[in-house]
1. Please give the length that would be gained between Arg410 and Thr77 if that part of the chain were fully extended, namely 0.36 nm times their separation in residues minus their C-alpha to C-alpha distance (nm, one decimal).
2. Could you calculate the contour length gain from Ile34 to Val447, that is, 0.36 nm times the residue separation minus the distance between their Cα atoms, to one decimal place in nm?
3. Taking the Kirkwood radius as the inverse of the mean 1/r across Cα pairs, report the Rg/Rh of the stretch 181-296.
4. How big is the stretch 263-414 in terms of Cα radius of gyration and Dmax, in angstroms?
5. Which whole-percent values make up P(r) of the stretch 228-316 when all C-alpha to C-alpha distances are grouped in 10 Å steps starting at zero?
6. Need the full-extension length gain, Val85 to Leu422, defined as separation in residues times 0.36 nm minus the C-alpha distance. One decimal, nm.
7. Label-point separation (nm) for Phe157 and Val269, each offset 7 Å from Cα along Cα-to-Cβ?
8. What do you get when you divide the Cα radius of gyration of the stretch 320-409 by 2.2 N^0.38 Å, with N the number of residues?
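Here, each number is a calculation from the coordinates, and none is a lab measurement. None of the values given here were measured: they were computed from a predicted structure. Note that each Cβ is placed from the backbone with ideal geometry, even for glycine, and that neighbours are counted across all protein chains shown.
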Amino acid sequence: MNNVLSEQKKRYARLRKTISQTQFIAYGFFLIIITGSLLLMLPASSRDGASEPFLNCLFTATSATCVTGLVVADTWTQWSLLGQVFLLVMIQLGGLGFISIGIFLAIVLRRKIGLKERGLMQESVNTLQIGGMVKLAKRMILGTALFEGAGAVLLAFRFIPQYGFVKGLWYSIFHSVSAFCNAGFDLMGHREPYNSLCAYTGDWLVIGTISFLIITGGIGFIVWDDLYKKRFHVRHYLLHTKIVLVTTAVMLSVGTLLFYLLEHDNLLVGMSGPEQFLACLFCSVTPRTAGFNSVDTAALTDGSKFLTAVLMFIGGSPGSTAGGIKTTTLAVLLLCVWSSIRQTHGVEIFGRRLEEESIRQSAGILTINLSLMIGATILIMVFQNLPMSDIFFETCSAMGTSGMSTGITRALGTGSRLVLILLMYCGRIGSLSFALAFTRSSRKPQVQLPAERITIG
């Protein structure tokens with residue numbers, strides 16, 4: 001018996017050596033999704049006590065683990081308390097990353113954190129340095145607990161008086177975790193299925209708290225760590241931190257203004273000035289891969305839907321709970337275009353020059369994400385006769401792990417749902433990372449082919 005166990009350990013060790021860090025993370029997320037699907041299939045997970053079909057459970061588990069928020073059935077209507085707990089665990093694992101949580105547990109149990117584990121943590125959080133991974137893991141978990149706890153306390157002031165202590169407390173915890181992890185799952189279906197936060201459109205406590213949690217979770221753990229260590233010494237911030245903060249602020253400001261211009265004769269009619277501002281701000285915040293909505297998404301103007309799709313495609317920041325191509329990718333590409341127009345040598349910002357590798361990766365991410373999104377849109381149009389704008393909105397939402405929908409998710413067939421599952425999975429682990437997981441080669445060519453210039457533009 002001991003020989004058999006020893007042989008199994010050796011095989012597992014050999015397997016870990018043969019797969020890359022990116023592959024390990026991709027397989028880990030896949031395992032969580034499959035496990036979550038099986039748990040959701042339990043009769044006790046459903047509100048009616050009947051076992052839900054595997055595809056529906058797979059779609060929901062993928063959406064929760066990849067912190068997306070797209071659902072084929074209303075969360076409160078479909079899932080029992082046990083099912084909601086399973087969803088919350090998957091959201092937390094998907095938002096923080098199972099590697100980060102695993103390392104934190106190892107720290108608590110006083111296990112040794114080796115170089116391989118630190119490398120996995122570096123790949124998972126998408127940070128540049130392998131040093132300080134243990135401290136970063138501690139700050140991530142403790143910071144997450146702090147923000148989610150504070151969010152739950154603030155939401156409890158509204159939900160406990162409305163729903164009672166036990167139900168109100170559970171609602172506060174669930175929505176705080178879902179918002180911070182940019183998941184977009186809600187339990188407001190008891191009012192009206194798929195209604196999300198529309199009942200709280202003008203509520204500054206609920207919408208303000210949810211917005212703060214979304215933004216905080218979406219700026220990234222690397223930025224957290226830098227802000228924690230350097231406090232208000234802005235000049236000493238990492239270049240990454242400066243780009244993330246500036247890009248995020250610009251996107252939120254411009255998005256809020258554009259939503260007001262596009263909706264002031266539509267959804268904003270009848271609202272007071274503060275309510276209009278809050279609605280427009282939340283419309284700008286939530287597409288950053290959160291998935292909540294305080295106004296009816298299907299009733300938005302075509303211009304607002306397109307703007308929402310663009311924001312979903314961009315998403316949050318690297319190393320965060322958010323998806324999309326990320327704010328730094330957008331900033332690098334815009335700076336590269338500006339540099340080409342000015343015909344300057346290299347791409348420069350904040351007194352620093354960006355590496356060519358960053359520009360190449362940004363172009364790769366944009367191309368892969370855009371290709372996947374367009375390909376998925378065409379494929380779903382082949383499967384089903386639905387408006388192209390709604391399908392494009394849905395694929396943007398899945399690719400950016402946003403979870404916003406015009407309401408067609410539950411009308412999609414098997415083939416369309418499988419396409420969205422793949423998009424959500426690629427969106428969470430990163431489309432470029434997903435591609436590299438199966439194409440990266442450690443061999444460097446000793447001889448390269450001769451170069452030749454071509455005409456561009």
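1. Length gained, Arg410 through Thr77: 118.5 nm.
2. 144.3 nm
3. With Rh from the inverse mean 1/r over Cα pairs, Rg/Rh is 1.03.
4. According to the Cα coordinates of the stretch 263-414, Rg and Dmax are 17.7, 53 Å.
5. Bins of 10 Å from zero give 16, 44, 23, 13, 3 percent of pairs.
6. Length gained between Val85 and Leu422: 118.9 nm.
7. The modelled label-to-label distance comes out at 3.5 nm.
8. The value comes to 1.37.
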